[in-house]
Amino acid sequence: MKLSVLNLAPLREGQGFKEAMDDLVDLAQKVEGMGYERYWIAEHHNSKTIASSATQLLIQRTLDQTKTIRVGSGGVMLPNHTPYIVAEQYGTLETLYPNRVDLGLGRAPGTDQQTARAIRRTDNLNPHFEEDIMELQGYFADTLPVHAYPAAGLDVPLYILGSSTDSAHLAAKLGLPYVFAAHFAPRMLMEAVAIYRREFKPSETLAEPYVILCANVIMADTDEEAQRLATTQTISFAGIVTNRAQKLQPPKESDEAVWEAILPSGEVPHFGPVAFSAQLSHTRIKQAVSQMTACTFVGDKASVAAQIKAMQKQVSFDELMAHSNIFDQEAQAHSYQLLADVVDQEFADE
């Protein structure tokens, strides 16, 4: 089983954007030495806590500071860009760093609706995702009246990203690899992968279905330490749910300590004339965070190996892409090394 990394370039508490970008490159260098297959960088906009707004620039810097690992977009939010410009940019990257560039494609804006309007300069936010992908393929194949140099004739692998069944149908129809974003939206994982495998049509680039599962992975030498490190992820997702996104926070001793700090006393939501109790609010936040983080492997090597095997019984995937919100950089790197050890020891033949 191949192993890869997704990085959203989060800012840790006390950091600015430059430090987060430096961390991104540093981690790429470390996981390259561990034998990881690819390293993908996400696209997000209008966020004070995430540094991955100009994804292609971070990809270029990462490629330049590494030697062998594939680097790509996880992904380009294609409706935000013209296919022609994407072809030029990623054709340039492929020219500079041959056989090391991946192009993951998503249909979401990677931001809020107001920012999406600012990016696209239109109120029409309906994506023409399939048409844009086919146009992009045409520029790389050089079959269109307009030529996109230096992309023309280059082979840059395309991947369809998704968190719903819509993307599964499209990836199957086009015969492209499918990457499911279970690290934040796992609810439709099994249904989407089943659709993709059932409906897959071989293409010039892919003869059989290929599924990459993107999941949260937080590992340590003991289950207890991994659970402690995972509280940073809990804080992060709770911030998203409550619309209080913040930089990555140091871990707390337990999730219980996280929930105690979520709502200060007296800050209880009101809906019309009805005030919900703090306990009810906590319950709803916990439920939302639990749903978003359901696809998370947490623990030591034995525990995570068992969790991955259990997931394989539920859904068939060919590659595991790990997303790890761990505050301490050394602990994060150690987590990735432990995961590499698990895959090498338990899943090498898959």
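In the set (1) under 19 Å from Tyr90 (Cα atoms); (2) under 26 Å from the mean Cα position of the chain (by Cα), the condition left unmet by Leu144 is number (2). Looking only at region 33-59, filter to residues that are surrounded by 20 or more Cβ atoms within 10 Å (Cβ to Cβ) and touching a Lys or Arg at 6+ places or on another chain (Cβ under 8 Å); which one of those is modelled with the lowest pLDDT? Among residues in region 33-59 that are surrounded by 20 or more Cβ atoms within 10 Å (Cβ to Cβ) and touching a Lys or Arg at 6+ places or on another chain (Cβ under 8 Å), the one modelled with the lowest pLDDT is Thr49.
When you scan region 101-109, do you find a residue that is assigned by the TED database to the domain that holds Leu24, charged (D, E, K, R) and open to solvent by 50 Å² or more (accessible area, probe 1.4 Å), even just one? Yes, because at least one residue in region 101-109 is assigned by the TED database to the domain that holds Leu24, charged (D, E, K, R) and open to solvent by 50 Å² or more (accessible area, probe 1.4 Å).
A quick yes/no check of all residues on (1) polar (S, T, N, Q); (2) touching a residue at least 40 places away in the same chain (Cβ under 8 Å); (3) in contact with a Cys (Cβ under 9 Å, 6 or more places away or on another chain):
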site: Gly74; (1), (2), (3): no, yes, yes
site: Met77; (1), (2), (3): no, no, no
site: Gln89; (1), (2), (3): yes, no, no
site: Asn99; (1), (2), (3): yes, no, no
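For region 263-292, taking the residues that are among the β-branched types (Val, Ile, Thr) and open to solvent by 30 Å² or more (accessible area, probe 1.4 Å), the one that is modelled with the highest pLDDT is identified as Thr283. Could you figure out which of (1) within 29 Å of Ala215 (Cα to Cα); (2) open to solvent by less than 70 Å² (accessible area, probe 1.4 Å); (3) at pLDDT 95 or above; (4) not polar (S, T, N, Q) isn't true of Met77? Evaluating Met77 over (1) within 29 Å of Ala215 (Cα to Cα); (2) open to solvent by less than 70 Å² (accessible area, probe 1.4 Å); (3) at pLDDT 95 or above; (4) not polar (S, T, N, Q) leaves (3) as the failure. Every listed requirement among (1) at pLDDT 95 or above; (2) part of a helix (DSSP H, G or I); (3) exposed (fewer than 13 other Cβ atoms within 10 Å of the Cβ) is met by Ile133 save one, (3). Of everything listed in (1) open to solvent by less than 30 Å² (accessible area, probe 1.4 Å); (2) farther than 26 Å from Asp26 by Cα, the single unmet condition for Ser335 is (2). The condition of being over 19 Å from Ala182 (Cβ atoms), in the same structural domain as Ala182 (by the TED database) and buried (at least 17 other Cβ atoms within 10 Å of the Cβ) holds for only one of Phe327, Phe317, that being Phe327. Residues in region 96-107 include at least one that is under 28 Å from Phe129 (Cβ atoms), touching a Phe, Trp or Tyr at 6+ places or on another chain (Cβ under 6 Å) and of a type in the set (Lys, Arg).
The values are calculated or read from the model by the stated rules, or taken from the named source; none is laboratory data. Not measured: the values here are computed from a predicted model. Please note: Cβ atoms are built from the backbone with ideal geometry, for glycine as well, and neighbour counts cover all protein chains shown. For accessibility, only protein heavy atoms count, side chains too; no ligands or nucleic acids. Shrake-Rupley method; radii C 1.70, N 1.55, O 1.52, S 1.80 Å.
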